[in-house]
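Scroll down for the structure; my scribbles are underneath it.
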Amino acid sequence: SSAPVSVRSDASGTWTVLFASEQIPPDGITQIIATSIDRAGNISEVAARLEVIIDTAAPNAPQLSLLFDSGASGTDRITNDGTITVTGLEQDAQWEYSSDGGLTWQNGEDSTFTLDEGTYSAGAVQVRQIDASGNVSERGIMPGGVVIDTTPSPAPVIDQIATDDTVNQAEQNQGVMI
């Protein structure tokens, strides 16, 4: 419950109220009611009550990770699959991702996005979410850099064997280098 606020209407009966931040109630549901008092002091009935949701809390930062790390160690963040998985999203929240350190943002869908082939430095890949009230989370940041390499290695070249592609008995006994 808060103290009543008095305002004057204009000639057409329109009025507005601007609440200072310290007058806005804490997060939750609050009701706004209005009555009017005419010049003679007559008080109107209460206008329809308006329920307002106060939500000033930002959602938690989402987390992101490679769907599949195909690199030599499985944890080196070098992969041939640029799919990034996003977790920790609030229901009904929208989310965005950036691959340039937050300079530009793209809308996310479902819970994944795909990075193009390239090298991304630590902090370049980020996500954030915006809850249904418009509160923006802190950024979730990919730990360390990541390399997306989808270009196949060149096919190996096999040089001639024993200078004539024929292994004779002497070469067999000595061994053959390819």
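Could you please give the count of residues in the stretch 59-91 that are over 13 Å from the mean Cα position of the chain (by Cα) and of a type outside the set (A, V, I, L, M, F, W, C)?
Number satisfying all stated conditions: 14.
Taking the stretch 11-46, which residues are open to solvent by 80 Å² or more (accessible area, probe 1.4 Å), of a type in the set (D, E, K, R) and either in contact with a Phe, Trp or Tyr (Cβ under 9 Å, 6 or more places away or on another chain) or assigned to a loop (DSSP other than H, G, I, E, B) (or both)?
Arg39, Glu45
Here is a list: Gln126, Gln94, Gln106. Which entry is modelled with pLDDT of 95 or more and in contact with a Lys or Arg (Cβ under 6 Å, 6 or more places away or on another chain)?
Gln126
Filter the stretch 133-156 for residues that are under 14 Å from the mean Cα position of the chain (by Cα) and not basic (Lys, Arg); which is farthest from Gln91 (Cα to Cα)?
In this case the residue turns out to be Met142.
For the stretch 68-76, check the following and say yes or no: at least one residue is open to solvent by 70 Å² or more (accessible area, probe 1.4 Å) and assigned to a strand (DSSP E or B).
no
Given the condition farther than 30 Å from Asp27 by Cα and among the hydroxyl-bearing types (Ser, Thr, Tyr), answer yes or no: does some residue in the stretch 137-152 qualify?
Among the residues of the stretch 137-152, at least one is farther than 30 Å from Asp27 by Cα and among the hydroxyl-bearing types (Ser, Thr, Tyr), which makes the answer yes.
Go through the residues of the stretch 157-177 one by one and say whether even a single one is more than 21 Å from Thr87 (Cα to Cα), touching a residue at least 40 places away in the same chain (Cβ under 8 Å) and over 18 Å from the mean Cα position of the chain (by Cα).
No; the residues of the stretch 157-177 include none that is more than 21 Å from Thr87 (Cα to Cα), touching a residue at least 40 places away in the same chain (Cβ under 8 Å) and over 18 Å from the mean Cα position of the chain (by Cα).
Sort out which residues of the stretch 47-61 are open to solvent by 50 Å² or more (accessible area, probe 1.4 Å) and in a loop (DSSP other than H, G, I, E, B), and write them in order of number.
Within the stretch 47-61, Ala48, Arg49, Asp55, Thr56, Ala57, Ala58, Asn60 meet the criteria.
The values are calculated or read from the model by the stated rules, or taken from the named source; none is laboratory data. Being a predicted model, the structure only gives us computed values, none of them experimental. All Cβ positions, glycine included, derive from the backbone under ideal geometry; neighbour counts span all protein chains shown. Each accessible area value is taken on the protein alone, full model and side chains, heavy atoms only, with ligands, DNA and RNA left out. Shrake-Rupley method; radii C 1.70, N 1.55, O 1.52, S 1.80 Å.
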